[in-house]
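Where a number appears in this text, it was derived from the coordinates with a stated rule and is not lab data. Bear in mind that the values here come from a model prediction, so they are computed numbers and not experimental data. A quick note on method: Cβ atoms are made from the backbone with ideal geometry, for glycine too, and the neighbour counts reach across all protein chains shown.
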Amino acid sequence: MIARESSAKTKPLGGLPTRGGIYLACVFVLIAGLVTGVPWAVADEDENFTNNMKGVAPLRSLLEQVHGAYPGQVLEVELEREEYGKGDVWVYEIKLLTRKGSVLKLEYDAISLELLKIKGRPEN
């Protein structure tokens with residue numbers, strides 16, 4: 001907890017975000033970086049990590065594709081390395097709240113933006 005220094009007592013600083021608010025702010029910064037096409041990541045000083053991310057499509061392109069096919073509100077976006085078929089691929093995982101209130105989990109190849117898997121029932 002962040003506290004304001006005072007000679008009498010230590011009080012919580014008013015107006016600062018809660019732990020959940022800080023988490024959301026961090027997620028927003030990550031998504032903003034991906035949307036602008038800036039490939040950055042922290043991976044325990046592994047220089048090969050960013051080299052392996054070459055070719056990953058910008059999040060902006062994926063979101064345009066998703067909103068065209070599945071109207072709703074994006075709740076969460078993750079970029080992970082997963083095993084598909086004979087090798088590892090970069091995968092965008094998207095959780096989407098549909099207009100009717102159901103949740104879809106979509107997995108896309110992060111390079112080709114091909115839909116790999118869908119969980120949930122898309123609205124027709």
*Output the residues belonging to the range 68-87 that are touching a Lys or Arg at 6+ places or on another chain (Cβ under 6 Å) and hydrophobic (A, V, I, L, M, F, W, C).*
LEU75
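So is ASP109 surrounded by 15 or more Cβ atoms within 10 Å (Cβ to Cβ), among the acidic types (Asp, Glu) and more than 13 Å from the chain's Cα centre (by Cα) or not? Please lay out each step first, then the result.
On the way: surrounded by 15 or more Cβ atoms within 10 Å (Cβ to Cβ): yes; among the acidic types (Asp, Glu): yes; more than 13 Å from the chain's Cα centre (by Cα): yes.
Yes; evaluated as a whole, the condition is true for this residue.
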*Inspect all residues belonging to the range 81-89 and state whether any of them is in contact with a Phe, Trp or Tyr (Cβ under 9 Å, 6 or more places away or on another chain), among the hydrophobic types (A, V, I, L, M, F, W, C) and touching a residue at least 12 places away in the same chain (Cβ under 8 Å).*
no
